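The values are calculated or read from the model by the stated rules, or taken from the named source; none is laboratory data. Model, not experiment: these values are computed from the prediction. Cβ placement follows ideal geometry from the backbone for every residue including glycine, while neighbour counts extend to all protein chains displayed. SASA here: full protein model, heavy atoms, side chains in, ligands and nucleic acids out. Shrake-Rupley method; radii C 1.70, N 1.55, O 1.52, S 1.80 Å.
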Amino acid sequence: MTKPVNAIEVKGLKKYFGDNKAVDDIDLTVPSGVIYGVLGPNGAGKTTTINMLATLMKPDAGSAKVFGHDVVKEANAVRQLIGVTGQYASVDEKLSAIENLVIFGRLLGLSRSESKAKATELLEEFGLTEAAKRPLAKFSGGMRRRLDLAASLIAQPPLIFLDEPTTGLDPRTRNRMWDTIRRLVKNGSTILLTTQYLEEADQLADRIAVIDRGKVVAEGTPNELKKSIGAATLQLHISDAKRITEAAQTIKKVLGVDTQNPEPKLITAPMRDPDTVTDLLVAFKEVGIKLDEVSVQKPSLDEVFFALTGKTNSAKKGKK
Amino acid sequence: MATSTMIIPGEKRVVKNHTSLKQTIQNSLTMAGRGLIKVRRNPEQLFDVIIQPILFTLMFTYLFGGAIAGNVANYLPIIIPGILAQTIVTASVVTGTQLREDMDKGVFDRFKSLPIARIAPLAGALIADIVRYVIATGLTFCMGYIMGFRPEGGILSILAASLLVIAFAWCLSWIFAFFGVIARSASSVQGFSMIILFPLSFLSNAFVPVNTLPEWLQWFVNVNPISHLITAIRDLVNNGTIGVDFWLSIVGGLVILAIFVPLTVRAYMRKA
Ligand SMILES: Nc1ncnc2c1ncn2[C@@H]1O[C@H](COP(=O)(O)OP(=O)(O)OP(=O)(O)O)[C@@H](O)[C@H]1O
Ligand SMILES: [Mg+2]
């Protein structure tokens, strides 16, 4: 028996575009047979990371291995082990769905009839049979996404990269995509997916790496991550916006945590122990910082994200 | 609905890190096939190789025929080889623009992530374009025939001339493929190629006898490889002979290959 090899092992991976440190010293370990979520805001370096792992781009430094094969030195071997569904459609617009799949099948070494059979099977599986012969220009976003994923599965690769597989899909289509992803893992594939939706990572992933500005800022199971953020968030509306820094210092002193201030008069802090809140209120009273409102919020998914990356995640809606 | 087949785990797979020559050829042919499907889907891609032979033969023959050769019948043996060469040189430019367009598309990223020969998309494009040259060549000779051109050399000489001109176009298309690979956009390839194309195709002996030109221009026309190609075609179809220009054209084509195949492949592999 061969001993189990990690699907992905990344050490000190770097990619700079000029001064832009798109990927800056990333370490990742993805065991075989799991769904691994890479979570991060726009421009975090998710796509750049996938591109290097999928041999589309050469790293500037560091090493990355797929099932023990180096992505630079053994690029062709790695390509035999992966399926890639990029962020943007990577199928041929001018051809029909079936023509696309047949060409990819032929390129992967299947015979003419094998690729036809495989294409038909995949189109059926992804509910695209009706549209098989139509030009892609008439496909909806969801259909394109599914075709793209189907194209990545022709060779039944043990490792599949999915770059934002559900961005831009409606909730029902997204749920179907999630089911498909779960089924792939049940069949023995390993999946690395990127997403901007914490909910998605939470639902699907066995482990999550949160990346921001090219660095891994947190890694663990979804539960571990949520715990590390704190069970709830304390929200304090301060009467005098000028004293916000002072308030932050007080919180740091009493609760020992870092704060965010998303609005001029609003300051938020992770709340681990509700008992300490009384101490904080007393401290505020002592220094004379007046509060308009105090509330406690259970961690919404966006908040967890915000706490880790320092950015709100609502920007995602503006993007394609 | 579900594919119940279990995936073979990554560590148990036998993978190889090189592509064999056989696979390279197969992949290139698949890519060429893809190019042909695209042509079938968008026949307007063939617009240039269909319209140009028809339009140019009619236009130039009736425009210049009387002035240069006395009448149309006498002008046909001069003009048909000229237009053939010009059409095919123009046709070879498209290789570059189409390659650039293709490389900018998302599907190229997928090709790059597949375990195929790196060179296959480039090779496939260059192979598929041969169809364009065949169409352009066939149409030009057909137009000539309709207008009354009966080459002395006979059918074999026409076949030989066709092969020569198609082979030459293929060599030439490597130049434009190179621009296609290094350029930023399809329109810059187009612009760039036109700068090369116009002097090459018009400053030749395609339409007028060289001795009517000013001396400095004669010098350029005489070194222009397209002039040699045209003379070679005229020798073949009009006299059935293979002269020095035939060999010069072949050498010219080989020189282009010797320079531009390594350049193009190197530039391409850096991006692929
Ligand atoms: N080819 C490139 N040339 C120059 N800069 C690039 C290139 N690709 C990405 N970048 C930059 O690298 C950074 C990371 O980009 P990347 O696409 O990896 O982010 P992402 O996490 O995938 O974002 P998104 O959620 O928007 O897809 C960005 O600042 C981006 O502008
Ligand atoms: Mg991205």
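Looking only at the range A:42-55, filter to residues that are within 14 Å of chain B (Cβ to nearest Cβ) and under 17 Å from A:Val72 (Cβ atoms); which one of those is farthest from ligand 1 (Cβ to nearest atom)?
Once the filter is applied, the top-ranked residue is A:Thr55.
Look at A:Gly43 and say whether it is within 19 Å of the chain's Cα centre (by Cα) and within 16 Å of ligand 2 (Cβ to nearest atom).
So A:Gly43 fits the description; yes.
Of all strands (runs of 3 or more DSSP E) completely enclosed by the range A:120-221, which ones contain at least 2 residues that are within 15 Å of ligand 1 (Cβ to nearest atom) and open to solvent by 10 Å² or more (accessible area, probe 1.4 Å)?
A:215-220
Residue by residue through the range A:46-75, note down the ones that are among the hydroxyl-bearing types (Ser, Thr, Tyr), open to solvent by less than 30 Å² (accessible area, probe 1.4 Å) and more than 13 Å from ligand 2 (Cβ to nearest atom).
Once the filter is applied, which keeps residues that are among the hydroxyl-bearing types (Ser, Thr, Tyr), open to solvent by less than 30 Å² (accessible area, probe 1.4 Å) and more than 13 Å from ligand 2 (Cβ to nearest atom), the range A:46-75 yields only A:Thr55.
Under the condition of being assigned to a loop (DSSP other than H, G, I, E, B) and under 21 Å from B:Phe111 (Cα atoms), which residue from the range B:15-52 is farthest from the other protein chains (Cβ to nearest Cβ)?
B:Ser20
Okay, residues lined up against (1) within 18 Å of the chain's Cα centre (by Cα); (2) open to solvent by 60 Å² or more (accessible area, probe 1.4 Å):
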| residue | (1), (2) |
| --- | --- |
| B:Thr57 | no, no |
| B:Thr61 | no, no |
| B:Phe64 | no, yes |
| B:Asn71 | no, yes |
| B:Asn74 | no, yes |
| B:Gly82 | yes, no |
| B:Val94 | yes, no |
| B:Asp102 | yes, no |
| B:Gly106 | no, no |
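Going by what's in this entry, would A:Lys215 be described as at pLDDT 85 or above, among the basic types (Lys, Arg) and in the same structural domain as A:Leu28 (by TED's automatic domain parsing)?
yes
What about A:Asn6, is it more than 16 Å from ligand 2 (Cβ to nearest atom), open to solvent by less than 20 Å² (accessible area, probe 1.4 Å) and either acidic (Asp, Glu) or outside any strand (DSSP E or B) (or both)?
no
If a residue must be open to solvent by less than 60 Å² (accessible area, probe 1.4 Å) and either over 23 Å from A:Met177 (Cα atoms) or within 7 Å of ligand 1 (Cβ to nearest atom) (or both), how many such residues does the range A:15-41 contain?
Matching residues across the range A:15-41 total 8.
To keep it simple, each residue is scored yes or no on (1) closer than 20 Å to B:Thr90 by Cβ; (2) assigned to a helix (DSSP H, G or I); (3) hydrophobic (A, V, I, L, M, F, W, C).
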position: B:Ile230; (1), (2), (3): yes, yes, yes
position: B:Ile233; (1), (2), (3): yes, yes, yes
position: B:Asn238; (1), (2), (3): no, yes, no
position: B:Thr241; (1), (2), (3): no, no, no
position: B:Trp247; (1), (2), (3): no, yes, yes
position: B:Val251; (1), (2), (3): no, yes, yes
position: B:Val261; (1), (2), (3): no, yes, yes
position: B:Tyr268; (1), (2), (3): no, yes, no
